1. Only counting other Cβ atoms within 10 Å, I'd like Met273, Met34 sorted with the fewest neighbours first.
2. To check my understanding: the extent here is largest minus smallest coordinate of the Cα atoms along each principal axis. What are those three numbers for the stretch 40-87, in Å, largest first?
3. Taking all pairs of distinct Cα atoms, average 1/r, flip it, and tell me the Kirkwood hydrodynamic radius of the stretch 115-178 in Å to one decimal place.
4. Please compute one quarter of the surface area of the Cα convex hull for the stretch 1-52 and express it in square nanometres.
5. At 7 Å along the Cα-to-beta-carbon direction for both Glu251 and Thr48, put a label point, then send me their distance in nm to one decimal.
6. Under a point spin-label approximation (7 Å from Cα along Cα-to-Cβ), what is the Asp39-Tyr199 distance to one decimal in nm?
7. Could you pull out which residues in the stretch 60-99 have an amide N less than 19 Å from a spot 7 Å beyond the Cα of Phe207, following the Cα-Cβ vector?
8. Take Val136, Val56 and order them by how many other Cβ atoms sit within 10 Å, fewest up front.
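Derivation of every value follows stated rules applied to the coordinates shown; laboratory data play no part. All figures in this text were calculated on a predicted structure; none of them were measured in a lab. FYI the Cβ positions are ideal-geometry reconstructions off the backbone, even for glycines, and counts take in every protein chain you see.
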Amino acid sequence: MAGLPRAGSTLLSTLLNQNPRFYSGPSSPVLGAMFSIHDNFLGNELYTGYPKPERVNEIVGSIIKHWYSDIEEEVIFDKNRAWTSRVPFIEGYIRQEAKIIVPVRRVDEILTSILTMIHRNPFVEGQPRINFVDEVLVKSNIPINDENRCSHLLNQGGILWESLNAVKLGVDEGHGDKFHFVDYNDLVTNPQEELNDIYKFLGEEPFKHTFDELSNTNRENDLETYGLGDMHEVHSKLEKISSDPSTILPESIIKLYNDNKKTLEFWNDSEAMKVNNQPLRNGPESPQVVNPPNTNPYNLFSQ
């Protein structure tokens, strides 16, 4: 599972966990560990002097198995927003067909959700850290206000930009047919229908879910990690309670969103989502994975 922040991935995990065959936990460090070891071998002169690619493939591919060795469920969803830009790591190292669930949401609603969360979690003396957005602004000597918060989130290095970029890279590399997009508003409005589509994408038998008395049983330490105590809280009843963006976002950000909506929400553009003509990469036969190009599809926001 990859996708965008504040787009319902925690809610979706909570629902999927109702199926006794499924386990969907919090965001995991698996992909980061795989990439670090992969990168270490590529840059290690002792390896290049005497390479053993099959052993490297085995080592890197085994990380996910060891991480989930305590999980008994038959189907495991690993959550990391970078999976969409690292499809070869799934098919080359883990050696299985890539199927990535990609929660998405209107970008103005994502910004609204993040700002609302920051507003209701003011920093209190004694907390381990301030929220992760304001922390960047402070370190960069940028005044803390909602406009600057949104600008950071939409620019390179911001969590929203990074997530959008990861999905766009995967599409541009020709892997879009391996992604199943789940719109947050559709999930909240027609949850069983959306789940049925997910089961079809996965090749799993349908399962009847319930949408009351929900609870996230795999809570992360949000306050220490993100400076926001309720970042991964799931409400007991499935309903949309978020504010209208026009009541929260600065006018400049609303205009920026309206002017660039088609570019930002490219998954709604049939032309942008066509699988391109380049051959699909089926992953590395050796650890010589070609990294995604260092491109910036959202350079209109670059400072």
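1. Fewest-to-most Cβ neighbours within 10 Å comes out as Met273, Met34.
2. Principal extents (largest minus smallest coordinate, Cα): 41, 24, 13 Å.
3. 13.5
4. Spelled out: convex hull of the Cα atoms, projected over all directions, averaged, 5.3 nm².
5. 5.7
6. 4.0
7. 68-80, 99
8. By the 10 Å Cβ count, ascending, the order reads Val136, Val56.
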